[in-house]
1. Expressed as a whole percentage, what fraction of the accessible surface of the range 1-42 belongs to carbon and sulfur atoms when a 1.4 Å probe is rolled over the protein heavy atoms?
2. Give me a comma-separated list of calculated 3J(HN,Hα) values for the range 47-54, in order, Karplus coefficients 6.51, -1.76, 1.60 applied at θ = phi - 60°, integers in Hz, x for any Gly or Pro.
Amino acid sequence: MSNYHEPAEELSKEARDFSRALNSLKEEIEAVDWYHQRVTLSDNEDLKGIMAHNRDEEIEHACMTIEWLRRNMPGWDEELRTYLFKEGDIAHHDHDGEDSSTDLGIGKIKK
């Protein structure tokens, strides 16, 4: 089964690379979740250590893919700079400095 929602042959090489990266990111995040669940429930300390190591490697892979997306796919750099490594409420880091919890982003209604 294809991961494409549009005909692959009609997509540019760049669009196919973006899809590859995004699908790889999904797979890495999913693997982090699987390993983390196993670490959380394992009673065997040796096995827990191995699975924690594997989980952390999947996190590394996800971060490398995010960095590739930041460098190559439009929108990622701006959004990551807006939301990462900031203090305070995550949902309130808005591009225009407005409180994003009250602004739907559709503009002001004029009378």
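1. About 53 percent, which is the carbon plus sulfur part of the accessible surface.
2. Here the 3J(HN,Hα) series is 5, 4, x, 5, 5, 5, 4, 4 Hz.
The values are calculated or read from the model by the stated rules, or taken from the named source; none is laboratory data. What you see is a predicted model; the values in this text were computed from it and never measured. All accessible areas refer to the heavy atoms of the entire protein, side chains included, with ligands and DNA or RNA removed. Shrake-Rupley method; radii C 1.70, N 1.55, O 1.52, S 1.80 Å.
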